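First comes the structure, then the notes that go with it.
The numbers here are math on the coordinates, done by the rules we state, and not lab data. A quick note: this is a predicted structure, and the numbers were derived from the prediction, not measured. We place every Cβ from the backbone using ideal geometry, glycine too, and count neighbours over all the protein chains shown.
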Amino acid sequence: MADLHENKLKFLEEMANKIRQDIIEMLVEAKSGHSAGPLGMADIFTALYFHILNHNPKNPSWPERDRVVLSNGHICPVLYATLANAGYFPMEELFTLRKLDSRLQGHPHRNSLPGIETTSGPLGSGISQAIGMALAARLDKKKNRVYCLTSDGEHQEGNTWEAIMFAGKQKSKLNNLTVIMDRNNIQIDGFTEEVMPLEPLREKYEAFNWHVIEVNGHDILEFVSAVNEAKAIYERPTIIIAHTIPGKGVSFMENDYMWHGKPPTKEEAKIALSELRTLGGRIKSEHE
Amino acid sequence: MLNSRVKLSLKTFDKDIEQKPTRDGYGDGLVIAGEQDPNVVVLCADLTESTRSEAFSKKFPERFFEVGVAEQNLATIASGLGVSGKIPFISSYATFSPGRNWEQIRTTISYNDANVKIAGAHAGISVGPDGATHQAIEDIATMRVMANMKVFVPCDANEARKATLAAAKIWGPVYLRFGREKMPVFTTEETPFRPGKVEIFWEPNPKKDKAKKPEAVIIGCGSLVHYALLAAKELDAEGIGVCVVNCHTIKPLDEKKILELVGECGAVVTVEEHQVMGGLGGAVAELLGKNLPTPIEFIGMQNIFGESGPPKDLIEKYGMGVKDIKEAVKKVIKRK
C-alpha cells in the first residue's frame, strides 16, 4: 500500500461517507438488519478495501489476495456496501439485501457473493477461521496477509479466547494475521461493561502474547499507520483495538445500543441521509 | 453364506481372527493420505495418541496442529484451512467433536462448504469403562441432519483406512466415525469400499436354505456388522435365510440398492451402536416410509444413555448382541 497523501485521504473520507449513506439506504429498503455497527465501521472498511488490501475485485478468487474475515457477520451491510463500491458486484444489487433470491444474505454466506471469504453470523468463530487461512498461507509460502474484523461483544464467546490462545502459541508463524476489534462498547442487551465486562482488553491480549495497538477507529490516517505497524511486527500476531462510535455519522444513532439491531424507518432514514450529506449541517447538500 | 464376491477374511468366524480398533485404520489412512496429497493436514485436540493421529504428526510435523482442549477452535481453524486449499482432518472423541462444536461445524464447515473431514473416535457404547459421558451415541444423527455433509461409518480397521482415503479425495465436508475397542478385522484389502454403495456381506445359501430369497435383510454399520454376520450364521443353522448388508455410508444412503433388497424380502432389521432415533435406522425408516412401507426392527440404544463396563457386556446389556439381532429378525419376519 502506498503512503497516504492528502488527496487520497480526502477520497477515503468521502468514500466512507458514501458507504454510510448506502448502508442507510440498504437498511431502509430491507426493513430489517443492524444499523449501529455498520455505520461505526465504515471508516475502517473503506481504509481496508480502498487503500490497504492487496486484492482484485475483478478476480475475487485470485490466490495471492489478502483475506478479510468478517467475524461479526451481522454488520455485513458495511461489507456489502464496501464490496459493491470497490467493484465486486453491481451497486444496484445492494437493494436486494435480505430479500428472496438475493446474493446478499442477512448474514454473509461464502459461496453466495464474490468477495465473501467465509460464512459468519454465529459469533466467536472468525479469529480461528482467519488463523486457519493464515496457517494455509504459511504452508504455501504465500505473502498474503489475513485480516479479521471482530466485535467487542463476541469476546464473551469461549471460541474467541481459544483462538487468541492458539495464535499466541504460534508466535511469529502468525505474524501475517491482524485482528481488528470494533470496540464500540455496545451489544444487543446494552453496554458491554454492564452485560459482561470485557476490560482490560489490552492487558488480556498482551497476556496471550499478542502485539496490541489502540486507535481511534474513525481516524483513517491513524488506522492505516496501525496496520503498517502490524506488518512490521515479526514475532507475534497483532490486534488493533479500534475505538469506534456505534452509529457514527447519524446523531440520533450514535452511542445508543437500541440501534444495534434495527433499521431506520423511512422518516429516520431521510434525517440520517441529510445529516450524512451535510456532514451534520456543516455543509449544504445539493440534495436539499 | 458369506458373499464370496466381497472377499471377506477366511477367518471371519474364527476365534483367532486379527483384532484391531477402527481408529487404527484411521491412523494408517491419515499417513497414506498425507503421502498422496501434500495438502492433507491434521488437527487434534489433545488426543493425538488415542485418535491415532500420532503417526501423521511424527511423519508430517509441519502439517500437524495441536490445538489443545478446544474443540470449537479445532473445527473453526480447520474451516479456515479448508477454504484455503488444504484438506484438514480434525481428530477428537465424537462426544466432543462433532458434539461440543456442532454449531461451528454447521456454520463454518457445512454451510460454508469448507473441505474439512471430521473424525469422531470413541463412538458407540463399546467405549466401555469411560462411561456414558464418553460414549457418543447421537453423532450419526447430528451429522446426518446437516445439508452438505457426508457420513461414513466403517465396519473394521481395513474399511476405516479405505474410508479415510476416500474422504481425502471427496470434495467437501465428511464425517467419519470410529470406535475405541479392538474388534475383528474381517474385511480384506480386496473387499470393495465404494462410497455411497452398500455391499452384501451375507446371503442365503441357495443349496441349503428353503427359500432362495432372504426372509429378512439386516442393514448394519460399524462394529456391529460383525455381530450381524454371527447372527446370520446362527440363523442359517436354524433354517432362516437372511441378507446382511454393510451400509458404511449413511449419507448419501444407497437408496436404490436398499429398496431393491428390501423389496425382495419385505422385512428389515437395522443394526448400529447408536441411538435408534436419527441414525442408520432412522435413515432407512425414512427411505422405506416414503417409498416402500415395510416392517422394521431397530437394534441400537433405545432412548437411553450407557454406563461403565466391559464393551462386550455393554453390547449385551443394551440389547445389541447376537441374540438380540436374531430375535429381532424372527420378530420382523412374523410382522410381514
If unit charges are put on Cβ atoms (+1 for Lys and Arg, -1 for Asp and Glu) and the dipole of the protein assembly as shown is taken about its Cα centre, the option from B:Gly80, A:Ser274, B:Ala141 lying farthest towards the positive end turns out to be B:Ala141
One finds the C-alpha centres of the stretch B:72-123 and the stretch A:150-174 to be spaced, in Å, by 17 Å
Per-residue average of other protein chain Cβ atoms inside 10 Å, peptide A:132-145 -> 5
For the stretch B:19-184, shape from the Cα gyration tensor axes a ≥ b ≥ c, cut at a/c of 1.5 then a/b versus b/c, turns out rounded
Relative contact order in percent for chain B (Cα pairs under 8 Å, 6+ apart) equals 19 percent
Here the percent of antiparallel bridges among DSSP beta bridges lying wholly in the stretch A:6-277, to the nearest 5, is 10 percent
Honestly the protein assembly as shown on the Cα gyration tensor test (a ≥ b ≥ c root eigenvalues; a/c under 1.5 rounded, otherwise a/b vs b/c for prolate or oblate) is just prolate
Charge dipole of the protein assembly as shown built from unit charges on the beta carbon (Lys, Arg +1; Asp, Glu -1), centred at mean Cα; most positive-end Cα among B:Met320, B:Asn205, B:Phe64 is B:Asn205
For A:270-283, A:70-83, ranked highest to lowest by mean beta-carbon neighbours within 10 Å, the order is A:70-83, A:270-283
The simple spin-label model distance between A:Leu279 and A:Ser251, using points 7 Å out along Cα→Cβ, in nm, is 1.7 nm
Flagged as over-length at 29 Å C-alpha distance, from B:Lys15/B:Lys336; A:Lys10/A:Lys99; B:Lys59/B:Lys312; B:Lys207/B:Lys334, the pairs are B:Lys15/B:Lys336; A:Lys10/A:Lys99; B:Lys59/B:Lys312
Counting only DSSP beta bridges with both partners in chain B, the antiparallel fraction in percent, to the nearest 5, comes to 20 percent
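Order the peptides A:103-115, A:172-184, B:78-90, B:126-138 from the highest to the lowest mean number of other Cβ atoms within 10 Å of their residues.
Result, highest mean first: B:78-90, A:172-184, B:126-138, A:103-115.
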Placing +1 on each Lys and Arg Cβ and -1 on each Asp and Glu Cβ in the stretch A:6-277, then taking the dipole about the Cα centre, the residue among A:Ser112, A:Thr265, A:His74 whose Cα reaches farthest towards the positive end is A:Ser112
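Decide, for the stretch A:157-257, between rounded, prolate and oblate: order the square roots of the alpha carbon gyration tensor eigenvalues as a ≥ b ≥ c, take rounded if a/c falls under 1.5, and otherwise choose prolate if a/b is larger than b/c, else oblate.
oblate
Which entries in A:Lys31/A:Lys204; B:Lys11/B:Lys323; B:Lys86/B:Lys251; B:Lys169/B:Lys323; A:Lys171/B:Lys182; A:Lys142/B:Lys251 show an alpha-carbon gap greater than 32 Å?
From the list (A:Lys31/A:Lys204; B:Lys11/B:Lys323; B:Lys86/B:Lys251; B:Lys169/B:Lys323; A:Lys171/B:Lys182; A:Lys142/B:Lys251), the Cα-Cα distance tops 32 Å for A:Lys31/A:Lys204; B:Lys169/B:Lys323; A:Lys171/B:Lys182; A:Lys142/B:Lys251.
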Per residue, the convex hull enclosing the Cα atoms of chain B spans a volume in Å³ of 118 Å³
Taking R0 as 41 Å and r as the Cβ-Cβ distance between A:Lys141 and B:Arg335, the FRET efficiency 1/(1 + (r/R0)^6), rounded to the nearest 0.05, comes to 0.05
Magnitude of the Cβ-charge dipole (Lys and Arg +1, Asp and Glu -1) of the stretch A:6-277 about the Cα centre, nearest 20 debye, reported as 1140 debye
As straight-line cross-link partners of A:Lys284, the qualifying lysines (C-alpha separation under 16 Å, not fewer than 8 residues apart within one chain) are A:Lys18, A:Lys270
Highest mean packing first, using Cβ neighbours within 10 angstrom, the peptides A:84-95, B:325-336, A:197-208, A:42-53 sort as A:42-53, B:325-336, A:84-95, A:197-208
Residue span B:Asp37 to B:Lys323: 0.36 nm per residue of separation minus Cα-Cα distance leaves a gain in nm of 98.5 nm
Straight-line reach check, A:Lys141, cutoff 18 Å on alpha carbons, 8 or more apart in-chain or any other chain, hits among aspartates and glutamates -> A:Glu64, A:Asp66, A:Glu235, B:Asp37, B:Glu62
If every Lys and Arg gets +1 and every Asp and Glu gets -1 at its Cβ, then about the Cα centre the protein assembly as shown yields a dipole, in debye to the nearest 20, of 2140 debye
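I'd like the mean, over residues of B:55-66, of how many other protein chain beta carbons sit within 10 Å of each residue's own Cβ.
1
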Averaged over the residues of A:111-120, the number of partner chain Cβ atoms within 10 Å of each residue's own Cβ comes to 3
